[in-house]
Every structure is written in structure tokens, then in C-alpha cells.
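What follows is one structure encoded as C-alpha cells, with my remarks underneath.
The values are calculated or read from the model by the stated rules, or taken from the named source; none is laboratory data. These figures come from a predicted structure and were not determined experimentally. Ideal geometry is used to build each Cβ from the backbone, glycine not excepted, and the neighbour counts take in all protein chains shown. Protein only, heavy atoms only, side chains kept; ligands, DNA and RNA dropped before computing areas. Shrake-Rupley method; radii C 1.70, N 1.55, O 1.52, S 1.80 Å.
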Amino acid sequence: MPHLSIIALFTCFHCFGYVILNDPPKIAICGIGIESSTFSPAVTKLDAFKVRRGEENFDSYPFLSEGTPLRNAAEWIPLLRARSIPGGIVERETYESLTKEILELLQQEGPFDGIFFDIHGAMSVQDLDDPEGDLIERIRKVVGNHVMISTSMDLHGNVSKKLAKFSDLITCYRMAPHEDALESKERAAQNLVDRLTNGLGKPPFKAWVKVPILLPGEKTSTRVEPAKSLYSQIPDLVSQEGIIDAGIWMGYPWADEPRNHAVVMAVGDDEELVGNVAHQLALNMWNVRNEFQFVAPTTTLDEALSQAISSDKRPFFISDMGDNPTAGGSGDVTWTLEKLLHYDELQKENAPKVVYASIPGPDLIQNASKSKIGQKISGTVGALVDDRYAPPIKLNGILMSYKEGDSNAEIELVIRIGNIDVIVTKKRKPYHHIRDFTDLGIDITSSDIVIVKIGYLVPQLYEAQNGWLMALTPGGVDQDLKRLEYKRISRPMHPLDNFDQQPNLNPIFITVVK
């Protein structure tokens with residue numbers, strides 16, 4: 001058994017398989033990450049995933065760059081990480097293919113002392129409940145119960161009892177938008193190294209609490225209360241001796257599965273304190289359940305356009321929330337664009353300049369491929385996947401820019417229709433960064449109105465806006481959860497149901513697998 005000292009061997013057989021290492025631990029890196037809406041007709045296949053194999057995975061972790069203390073603290077073996085922008089339910093064949101490759105690599109490259117399990121936590125797979133729980137259970141069958149697994153997650157992921165059971169350590173983001181994503185992943189990796197090299201000779205205690213709340217991220221942003229204060233408690237709580245980490249998982253509301261609800265977990269060596277921390281966080285969350293509000297004012301699309309046009313604040317942003325591709329929307333719903341193109345106030349000669357980002361339109365892209373900037377182009381866009389709310393639209397306008405090589409969109413163009421610049425892509429792409437626009441010749445800071453398929457504005461756009469409304473538009477990630485036809489989530493669930501009494505928020509101590 002490599003990497004185990006004589007002391008470690010003794011510990012392994014007398015402390016439930018837990019090991020303390022004298023040599024640098026050997027740690028694998030693997031995971032599959034995506035948010036999957038089961039309320040979207042889209043199906044996510046293998047070509048939607050960016051699959052990183054071997055050493056190219058280090059590019060995703062600056063804290064594991066060559067020469068960094070954490071890189072030097074262990075022998076890191078990056079195997080396979082697959083990531084996709086959010087979308088529809090994952091094709092079962094795709095999931096099985098990626099899982100099979102991960103398991104084979106673990107077998108080939110092992111044995112290991114630890115695994116850095118980097119996932120999102122909101123993946124849905126055809127005919128499979130709890131894919132992340134399934135994946136980690138199958139990993140355990142390959143590597144054994146003595147290997148320590150540190151699970152790193154998005155706070156919008158779902159923590160089932162199975163995922164909690166097979167994870168030794170677990171952590172999640174503490175900010176939404178996720179400005180602390182890399183910091184959180186580093187914490188998960190550091191906790192793993194610390195535990196393997198300086199552990200106490202026993203597995204940590206894990207307290208799990210189901211909180212029957214299901215809310216969209218746009219109502220739980222840490223920019224505003226009550227989530228801001230709720231998450232700000234965590235650093236002080238985990239600084240106590242006997243606590244390794246604690247987290248609040250808001251869960252993912254656009255999948256109709258029993259595991260989809262909020263969860264609180266705490267992990268540490270002081271059993272009583274671990275339970276108290278988990279219970280207190282869960283109780284605090286439940287007590288403010290009625291205070292969660294959208295991070296920005298919400299209204300209808302018509303009212304949002306009316307207010308944006310009449311406002312003197314520029315640029316004025318409107319979130320086309322229902323089809324947000326970074327939450328799981330198909331990104332090709334044409335409902336908003338169709339109304340925008342026929343909105344009376346935007347047809348006038350001195351109407352404000354509008355940017356719309358974006359809509360997939362491979363037909364228009366193909367038609368424009370041999371055109372020159374400034375020429376007239378035409379073609380259909382949208383509704384290739386989700387045509388429930390509006391059909392494809394034929395656009396006729398002037399080609400303003402054309403760009404190839406984007407890692408998500410592949411090809412992008414801007415078509416000007418009157419005073420409206422519409423960004424059209426070959427494949428769907430979220431527009432989060434200023435450079436996403438400037439690369440196409442668009443200066444959004446001098447635009448009047450910018451409409452983006454997004455929920456809460458990510459940092460660069462948030463800093464650029466001088467006015468902002470969120471439009472309650474239709475799509476696969478409809479923000480009005482009461483319009484979704486849930487059939488399988490556990491009930492009662494706030495805010496969908498009323499509670500006659502406070503739910504049981506006592507922590508469950510998850511049985512160790514050692």
C-alpha cells in the first residue's frame with residue numbers, strides 16, 4: 001500500500017480505515033458539473049460538455065499552479081472534469097460515458113489517498129435520481145472506503161443523504177453571484193490536504209439538515225438581505241475549534257426531484273458543536289424564509305421596456321430571466337425578442353438604442369457567412385429547442401459584425417434592425433463580460449438599453465448598469481415557481497405551501513462509510 005507509513009497502517013486498521021500520512025498524499029481530481037432544468041425540453045449531450053483530461057485541469061485551479069504551497073503539499077493526479085453551461089436534462093448515455101471514463105481512470109491511476117471531487121450538484125440525468133450521489137457511490141466502489149473524498153459544490157447544488165454519506169468533507173460557495181468560486185474550491189482542496197496530513201485519526205462528524213425551502217438564486221443573492229447576513233455568519237462559526245467547514249445549500253428549483261430543497265451541513269471533530277452549528281444555521285434560515293425577495297425589482301416585459309425607455313439612467317439593463325442559459329434555460333426562446341421588435345415606442349425615429357444578447361440562429365449565421373459588414377442579411381433565429389412560447393423569427397437587417405472562434409457560441413454576429421442590435425450565435429452563449437460585447441464592436445456603456453438572457457447581473461454587468469429591472473418572462477427557468485408543475489419534490493415546501501408548524505430542523509448525523 002503506497003503512501004502509508006507504519007503509523008498510518010496501524011491507524012487504517014484501528015480507526016475505521018482513516019489514514020494519517022507521513023508522505024505527501026496522492027490525490028485524484030475528477031467531477032462532472034452542470035445545472036439541468038427538467039422544465040426545459042432541451043437534452044444535454046456530450047458535445048455540450050468541455051471535457052478536460054490530465055494536466056490541462058490545472059488551468060482551472062490557480063491555487064494548484066506549479067510551485068504553489070498547495071500544489072507542493074500533495075501529489076495531484078488530475079483525471080477528468082467535465083463542465084457544461086447549464087441546460088436541459090443530461091442524456092443518460094452521456095452521463096454513463098463520462099462516468100465510465102472517470103471510474104476507469106481511478107482504477108488505472110490508483111491507489112489514491114484522497115479525491116478532490118469537483119461538481120456543481122444540480123445535474124439531472126434521464127431516468128436517474130441524484131446523479132451526483134450515484135457517481136460518488138460508484139467512485140467509492142472503485143477506490144474503497146479508506147480514501148478520503150472532499151466534495152466541492154455550488155451553493156445552488158443539491159446535497160442528498162447519499163452524497164453526504166459518501167463525502168468525508170464537503171463545502172460550497174458563500175457568495176451569489178459566485179465571486180468566491182475559486183476561493184471555495186481552494187478551501188475544499190486545502191481541507192482535504194490538511195485532513196490527510198494532520199488528521200486526528202478518525203473521520204469527521206457530519207451533520208445534515210433538510211430545510212424545506214426552494215427558492216431561485218435571484219431571491220437568495222448574497223448582495224442583499226437576508227442571504228447576505230445568513231452567509232456572513234459562516235466564517236465565524238467555522239473558525240471555532242472542532243469545526244472544519246459548514247455550508248448552506250439553497251438547492252436548485254428548476255428540477256422536479258425529491259432531493260431538490262435547501263440543506264445545511266457542518267463537518268468537524270466536535271460532535272456536539274458540529275450538530276449545534278448545523279442546527280443554528282438551519283434555524284436561522286427558516287426564521288428569515290419570508291424575507292427573501294428578488295435582488296432587483298421585477299415586472300412584466302412590457303412594463304420593464306416602458307420604464308427603461310422613459311428613464312434617464314443609461315445604460316438601463318433588463319434581465320430576460322425565464323430563458324436564462326446560465327440557470328438551465330435553452331437560451332433560444334424568442335418570446336422576448338419578438339415583443340421587442342414590435343414594441344411601438346422602439347419603432348420611432350428617436351427611439352433609444354437597444355442591445356439584445358442573445359439568440360441562437362444557425363440559419364442566419366449560415367446566410368451571413370459570405371456577407372460583408374454593412375450588407376443586408378436575413379434568416380431565421382431561435383425556437384430550435386424551446387418553441388412552446390413563440391416560433392422561430394425571421395430577421396432582416398444590416399450585418400454590423402461577425403466573429404468566429406468563440407468557445408461557446410463558435411460564431412457570433414450582430415444584426416441591426418432599426419435601432420436594435422441583436423447578437424446572434426451559432427450555439428447558445430451567456431453574455432456576462434464586457435469583452436463579450438466589445439469583441440463584437442458593442443460599447444454597452446454608451447448603449448441606452450441592454451437586454452440580456454440572465455437572472456441577477458454578474459459583477460461586470462452589475463457595475464456597468466445605471467438602472468436595472470428583471471422581467472418575469474417565460475422559459476425553462478421560469479422565476480415564478482408557482483407556475484411550474486412540480487410532481488416529485490417533497491411537500492410541504494416553502495413558499496409553495498403553508499406550514500402549520502415549524503419543520504423538524506434537528507441535524508441528522510450521517511453514518512460514516514469507513
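Among the listed residues 307, 280, 293, 240, which satisfies the condition of being under 23 Å from the mean Cα position of the chain (by Cα) and open to solvent by 10 Å² or more (accessible area, probe 1.4 Å)? Working first, answer last.
On the way: 307 fails: under 23 Å from the mean Cα position of the chain (by Cα); 280 fails: under 23 Å from the mean Cα position of the chain (by Cα); 240 fails: under 23 Å from the mean Cα position of the chain (by Cα).
Going through 307, 280, 293, 240 in turn, the sole match is 293.
As an exercise: evaluate residue 260 against (1) touching a Gly at 6+ places or on another chain (Cβ under 6 Å); (2) open to solvent by 10 Å² or more (accessible area, probe 1.4 Å); (3) within 30 Å of residue 461 (Cβ to Cβ) and give the number of the one condition it does not meet.
(2)
State which residue is nearest to residue 222 (Cα to Cα) when the search covers only the stretch 152-187 and only residues that are in contact with a Leu (Cβ under 7 Å, 6 or more places away or on another chain) and open to solvent by less than 10 Å² (accessible area, probe 1.4 Å).
Among those residues, the one meeting the criterion is 176.
Among the candidates 129, 194, 113, which residue alone is open to solvent by 50 Å² or more (accessible area, probe 1.4 Å), in contact with a Pro (Cβ under 9 Å, 6 or more places away or on another chain) and not hydroxyl-bearing (Ser, Thr, Tyr)?
Working: 194 fails: in contact with a Pro (Cβ under 9 Å, 6 or more places away or on another chain); 113 fails: open to solvent by 50 Å² or more (accessible area, probe 1.4 Å).
Selected residue: 129, the only one of 129, 194, 113 that is open to solvent by 50 Å² or more (accessible area, probe 1.4 Å), in contact with a Pro (Cβ under 9 Å, 6 or more places away or on another chain) and not hydroxyl-bearing (Ser, Thr, Tyr).
Are any residues in the stretch 177-213 within 23 Å of residue 226 (Cα to Cα) and either touching a Lys or Arg at 6+ places or on another chain (Cβ under 8 Å) or not small (Gly, Ala, Ser) (or both), and if so, which ones?
177, 178, 179, 180, 183, 184, 208, 209, 210, 211, 212, 213
Suppose the filter is surrounded by fewer than 22 Cβ atoms within 10 Å (Cβ to Cβ), of a type in the set (Asp, Glu) and touching an Asp or Glu at 6+ places or on another chain (Cβ under 8 Å); does residue 225 pass it?
Details: surrounded by fewer than 22 Cβ atoms within 10 Å (Cβ to Cβ): yes; of a type in the set (Asp, Glu): yes; touching an Asp or Glu at 6+ places or on another chain (Cβ under 8 Å): yes.
The answer is yes for residue 225.
So that you can scan it fast, the table gives a plain yes or no per residue for (1) part of a loop (DSSP other than H, G, I, E, B); (2) in contact with a Pro (Cβ under 9 Å, 6 or more places away or on another chain):
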residue: 88; (1), (2): no, yes
residue: 93; (1), (2): no, no
residue: 100; (1), (2): no, no
residue: 104; (1), (2): no, no
residue: 139; (1), (2): no, no
residue: 142; (1), (2): no, no
residue: 145; (1), (2): yes, no
residue: 164; (1), (2): no, no
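Given the criterion part of a helix (DSSP H, G or I), closer than 22 Å to residue 454 by Cα and in contact (Cβ under 8 Å) with a residue 60 or more places away in the chain, identify the matching residue among 359, 309.
Details: 359 fails: part of a helix (DSSP H, G or I).
On inspection, the qualifying residue turns out to be 309.
Which ranges mark the strands (runs of 3 or more DSSP E) fully within the stretch 390-463 that have 1 or more residues being surrounded by fewer than 20 Cβ atoms within 10 Å (Cβ to Cβ) and touching a Lys or Arg at 6+ places or on another chain (Cβ under 6 Å)? Before you say what the answer is, go through the steps one by one.
On the way: elements: 393-406, 410-417, 420-425, 449-452.
Counting at least 1 such residues, we get 393-406, 410-417.
Among the residues that make up the stretch 344-355, is at least one of them acidic (Asp, Glu) and surrounded by 15 or more Cβ atoms within 10 Å (Cβ to Cβ)?
For the stretch 344-355, residues acidic (Asp, Glu) and surrounded by 15 or more Cβ atoms within 10 Å (Cβ to Cβ): absent.
Any residue that is surrounded by fewer than 16 Cβ atoms within 10 Å (Cβ to Cβ) and not in a loop (DSSP other than H, G, I, E, B) - is there at least one of those in the stretch 465-480?
Taking every residue of the stretch 465-480 in turn, none turns out to be surrounded by fewer than 16 Cβ atoms within 10 Å (Cβ to Cβ) and not in a loop (DSSP other than H, G, I, E, B).
For the structure I just gave you, tell me whether residue 150 is of a type outside the set (Val, Ile, Thr) and assigned to a strand (DSSP E or B). Lay out the reasoning, then the answer.
Working: of a type outside the set (Val, Ile, Thr): yes; assigned to a strand (DSSP E or B): yes.
When the stated conditions are applied, residue 150 passes them.
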